[in-house]
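Worksheet: the structure to be examined is printed underneath.
The values are calculated or read from the model by the stated rules, or taken from the named source; none is laboratory data. Just so it is clear, the model here is predicted, and its values are computed rather than measured. Reconstructed Cβ throughout: ideal geometry from the backbone, glycine too, with neighbour counts over all protein chains shown. Just the protein is used for accessible areas: all its heavy atoms, side chains included, with ligands, DNA and RNA removed. Shrake-Rupley method; radii C 1.70, N 1.55, O 1.52, S 1.80 Å.
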Amino acid sequence: MTTNKIKITLFHTSSSGSNSYHLYNAAPDALRAKYDIELLTSQQALYNRNLNNSDVYITTHGEHATRDDKINIELWHGFPLKGMAKMDKQETATDEKISNYWSNVDMIMSYSSFYNTAMNSCSGARIQQYQITGVPRNDALLSADGRANLIRAIPEYQDSGENIIFFMPTFRKSIINPDKIEGGKNFSNLFGLSEFSKDQLLQFLRKHNSILIIKLHPFEERFFSKELQELTTEKVYTLNEERLETAGLDLYDVLNSADMLLTDYSSVYIDYLLLDRPVMFLPTDLEDYRESRGLLLEPYEFWTPGPKISSQKDLQETFIRFLSEPEWYKSERSTILNLCHKYQDNHSSERIWNLIDSYVQDNTELIYHRREKSLQHWQMQQQVKSMIQGIIDQGHLAQGNEAIQNYLESNSADPDIFSMNGMLHLLNNDPQEAIHTFQAGHKHFPWDEDILYNLGYVFELLGDKTEAIRHYEEALRLSSRVEMTELLREKLKSIT
């Protein structure tokens, strides 16, 4: 720990409405000078060897396990419309695992008192943990130049003043968990309609000077790449993670370009209500969805303030009516808006940073105490591991293995333990098991050059020069120590 500045780390895992992304970008200069504030993508977090040195973790998807020696702040990623965690009928995580995460969260940023109730039915946190601030991404929803940003995200689209419809369904299939399918959507077309004509849709869009932007959930983009490609025309465009990341944008930087929103069970509409624009709903598999996952907010008819669509004809007629009668469902939208959003401005990030600053200042002494305690614990661990390495170096392999197991009873496996365990297998003439151990260590700690060096060393012993060189080169790329860098260069020079 080389600095007295308190370090705040935010995790950015998606460009589809990341509260961390918007909060980071809204950090005032005074706080950037006061604290060490960083935003990490999933890949950056994976390769960040100093991640544990952060004092404050800010997450939106539970990206990093909460720890009782850190300040943990949860922004979450939307209003809970669907059942999740304890309220998801297909949830496999135990109550203990869910509770372990939420019990260590210091603050949960909230939309409203009603949000506290809905969210807490799923997480089981304590009411004191909730802070009603609004969420950062809605600041962008209310203030971004969405049309200009849409052109950046979809360069082939040239804004000619068309009506823009965003279609944003919730996910049914997840590339993360392909065996879990929610609802009973007809997957022969993206809309889940029993009958659908692409030609009819295109004629309709041309006639009414409109375009359709399809934004699927990131979990589903890979499942429907073929269908998206087939639908894409001069009137239908796909907005995905890749486009947003390439443009350096988030979904909420472009969402307010939409004149209307079409969705089903995605809670994006609850945010979109802040714009007071038409929302249309496509609950083609409502009963199946209720049975497979479940909805928190019932009755669905009340909580979804817009017409319910069951056919392509309904969709087109509804759109036409909204063009001539934009006030249709305005009263219903206002009711749900006021139930869900305490704040309806673009100052949520400001409120959150003020809270974070105040909370950190109130806990500064505790943070520095935790740092000192963590350093002492690390020094003790190094002494114990040095002793274990000495036992192994003396050839006492059984005792070394026993010492490692004793160490793991009160400590988590770290790169040193994986390296020592792997070397034990190698010294016991089991190079394949050594490789498996080093590979497991590399999966958990992909930034560690020692594990990569050890993998290269075993492959070299086995005569596999290609794999040896590959691992040595990767270790050299990641090396943070002069002596390791020199060793790896010598190794590569001798083997190539």
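Observations, loosely collected:
- Helix-derived mean residue ellipticity, 222 nm - over the chain, DSSP H n ≥ 4, -39500 (n - 2.57), to 500: -14500 deg cm²/dmol
- Entries in 86/373; 82/443; 443/491 that, when Cα-Cα distance is taken, lie over 31 Å: 86/373; 82/443
- To the nearest 10, the accessible area of residue 444 is 120 Å² with a 1.4 Å probe.
- From the alpha carbon centroid of segment 195-244 to that of segment 336-393 is 42 Å.
- Solvent-accessible area assigned to carbon and sulfur over segment 33-84 amounts to 46 percent, based on a 1.4 Å probe.
- Simple spin-label estimate for residue 389 and residue 196 gives 5.9 nm between the two label positions (7 Å along the Cα-to-Cβ direction from each Cα).
- For the chain, the per residue solvent-accessible surface stands at 47 Å², with DNA, RNA and ligands left out and a 1.4 Å probe.
- Estimated FRET transfer efficiency when R0 is 30 angstrom, pair residue 320-residue 93 (beta carbons, to 0.05): 0.10
- Label corresponding to Cα extents along the principal axes in Å when calculated from the structure given, among (i) 84, 53, 43; (ii) 68, 59, 41; (iii) 66, 62, 37: (i)
- Carbon-plus-sulfur accessible fraction, segment 429-496 (probe radius 1.4 Å, protein heavy atoms only): 50%.
- Cα-based reach from residue 493 at 23 Å (exclusive), listing lysines while leaving out same-chain residues under 8 positions away: 465
- Within straight-line cross-link reach of residue 385, aspartates and glutamates at Cα separation under 19 Å, skipping those fewer than 8 residues along the same chain: 393, 402, 409, 414, 416, 448, 449, 450
- Under 11 Å, Cβ to Cβ, from residue 391 - net charge with Lys/Arg +1 and Asp/Glu -1: -1
- For the pair segment 396-468 and segment 67-105, the centres of their Cα atoms are 34 angstrom apart.
- Counting only protein heavy atoms and using a 1.4 Å probe, the accessible area of residue 84 comes to about 30 Å².
- Partners for residue 70 among aspartates and glutamates (Cα-Cα distance below 16 Å; same-chain residues under 8 apart left out): 36, 38, 55, 106, 357, 362, 365, 372
- Rg ratio (alpha-carbon, reference 2.2 N^0.38 Å) - segment 33-75: 1.12
- A DSSP coil position with no more than 15 other Cβ atoms inside 10 Å describes the following GluC sites (Glu not before Pro) in segment 385-433: 409.
- Here the chain carries DSSP beta bridges of which approximately 5% are antiparallel, counting only pairs with both residues inside.
- Heavy-atom accessible surface of segment 258-338: percent carbon and sulfur, 1.4 Å: 50 percent
- Counting heavy atoms of the protein chains alone, residue 287 has an accessible area of about 110 Å² for a 1.4 Å probe.
- Our summary gives the chain a relative contact order of 15 percent, counting only alpha carbon pairs under 8 angstrom and 6 or more residues apart.
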